[in-house]
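Rule-based calculations on the coordinates, nothing more; no lab input. Please read these numbers as outputs of a predicted model, since none were measured by experiment. With ideal geometry, Cβ positions are generated from the backbone for all residues, glycine too; neighbour counts draw on all protein chains shown.
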Amino acid sequence: MKQIIHRRTDCRACASKDLELVFALKPTPIGDDYVSQDRVNEVQPSYPIDLFMCKQCGLAQITDVIDPDVLYGSYIYVTQSSFGLSSHFQAYAEHVVQRCQVAPGSLVMDLGSNDGTLLRSFKGLGMKVLGVEFAAHIAEQATASGVETIGKFFEHDLAKQIVASHGHSRVVTANNVFANIDDLRSWVDGISVLLSDDGVFIFESYYLADVIDNMVFDFIYHEHLSSFSVKPIQALFASVGLELVVIERVATKGGSLRYFVQRPGGPMQKDGSVAQLLAEEESKGIYRKETYDVFAAKIDVLKQQTLEFLKQAKKDGKTVAGFGASITGTTLIYHFEIGEYLDYLVDDNLAKQGRYSPGLHLPVLPSSAIYERKPDYVLVLAWRFAETFMQKHQAYLDQGGCFAVPVPEFRIVRNG
Ligand SMILES: [Zn+2]
């Protein structure tokens, strides 16, 4: 039988064996595996989420790797279905073309290109485009819709085949997929193969320093194998002769960075952003174990406050709904050990409604349920979106309801 999980013992960026456990989340099932009715009797196993730091290069990483076929087995995410993303991609494509001075007719590639939304924007700006998307059925749809897409997993050998068939790329992008790659070295080798002499590789990923500063620990889950920061990224690309030249800050995903990488002497000018972030990382101590001990202690205080509140609520015979049926919600429910106190979840994502949460199998209802079932409390698991959610549901407060927000500070919100 195929092994579902393996634990690597070396750093996926530099191959050092000198790894130190800095932060252990409670094990969870696959965080986005919300099951349908016919699977509610199935036991979903939990897997560790232990964050290790490489003492050689500084990469923060999960070493337990779940087989991608299992992890992404129910992979249904298609870019265009996410409201508002298309305009974001249009602005992104225009920004890249301008910032990297890309001439029309140049080849632009996107790794993890999904349905081709980003590449369609580049195509509209006069570029030749090519996508790589491992979900073969999504790749086929993208190709059929006019964005040529290779339905394979990107790695070094595929890069060589692409250069033979399509030539070198002026721009290669990868957004929010780089953190999900186990064999980073094969990817980075492959990117070096793809790039033309004046080529630029651009990728976006959530930022380790922001995870700590903004308390977004629930962003650490099985898909996110690496939590990137500047020091290890610089070393990783240097190991294949590429240079990290510019970094931009992006507000998405609780705090992200956009990295620009090229060959030495490439088209982009250094602007001091890399050096500045490296200095900040040192002063914040994000490569020191003690920083994570403080971080874990802060999270533990929130956990105890949340647990105390929920235990009292149950003792008083109150009902509690949780808002947010997402992967981050799974991390939060398991790490805080609060599953037994929740009666059900609410979420307006149609793909989740009628399903049951990973492992605990809490039913997922539309948010209108908080008016029909009138829970005494709604615990806001999707706390990064707490303000939007609570504003939208002022009427729930007006009918006497009460919100509890567990992070970044535990607080109760009610009328009067
Ligand atoms: Zn390393």
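Miscellaneous remarks
- When the convex hull of its Cα atoms is projected in every direction, mean area for region 244-363 (nm²): 11.2
- Across the chain, Cα pairs under 8 Å and at least six residues apart give a relative contact order of 15 percent.
- Here, the chain has an Rg and a Dmax of 22.2, 69 Å when only alpha carbons are counted.
- Gyration tensor analysis over the Cα atoms of region 313-413 returns equivalent ellipsoid semi-axes of 18, 15, 14 Å (largest first, whole Å).
- Taking all C-alpha pairs of region 221-294, those more than 16 Å from each other amount to 58 percent.
- For region 150-307, radius of gyration divided by Kirkwood radius, i.e. Rg to Rh on alpha-carbons: 1.02
- Each residue of region 268-283 was assigned a 3J(HN,Hα) from its phi angle through the Karplus curve 6.51 cos²θ - 1.76 cosθ + 1.60 (θ = phi - 60°); the sequence is 8, 8, 5, 10, x, 5, 5, 4, 5, 5, 4, 5, 4, 4, 5, 5 Hz, with glycine and proline shown as x.
- Within the shell defined by Cβ-Cβ distances under 14 Å, the residues around LEU184 carry a net charge of -2, with Lys and Arg each +1 and Asp and Glu each -1.
- Cα-based Rg of region 336-377 normalised by 2.2 N^0.38 Å, two decimals: 1.14
- Cα gyration tensor category, rounded, prolate or oblate, for region 1-153 with a/c compared to 1.5: oblate
- The chain: calculated mean residue ellipticity at 222 nm from DSSP helix runs of at least 4, using -39500 (n - 2.57): -9500 deg cm²/dmol
- Result for the chain in a Gaussian network model with C-alpha springs under 10 Å: among SER227, SER113, SER87, the largest mean-square fluctuation is at SER87.
- Contact order, relative form, for region 313-413: 27 percent (alpha carbon pairs under 8 Å, 6 or more residues apart, mean separation divided by residue count).
- Across region 388-400, computed HN-Hα scalar couplings (Karplus, 6.51 cos²θ - 1.76 cosθ + 1.60, θ = phi - 60°) run 4, 5, 5, 5, 5, 10, 4, 4, 5, 5, 4, 8, x Hz from first to last residue, x flagging Gly and Pro.
- For region 1-76, the relative contact order works out to 38 percent when only alpha carbon pairs closer than 8 Å and six or more residues apart are counted.
- Hz values of 3J(HN,Hα) by residue in region 50-60 - Karplus curve (6.51, -1.76, 1.60), Gly and Pro given as x: 9, 8, 9, 10, 7, 6, 7, 10, x, 6, 8
- Amide H contacts of TYR47 (H built 1.01 Å from N, under 5 Å, at least 5 apart or other chain): THR28
- Share, in percent, of DSSP beta bridges within the chain that are antiparallel, nearest 5: 55
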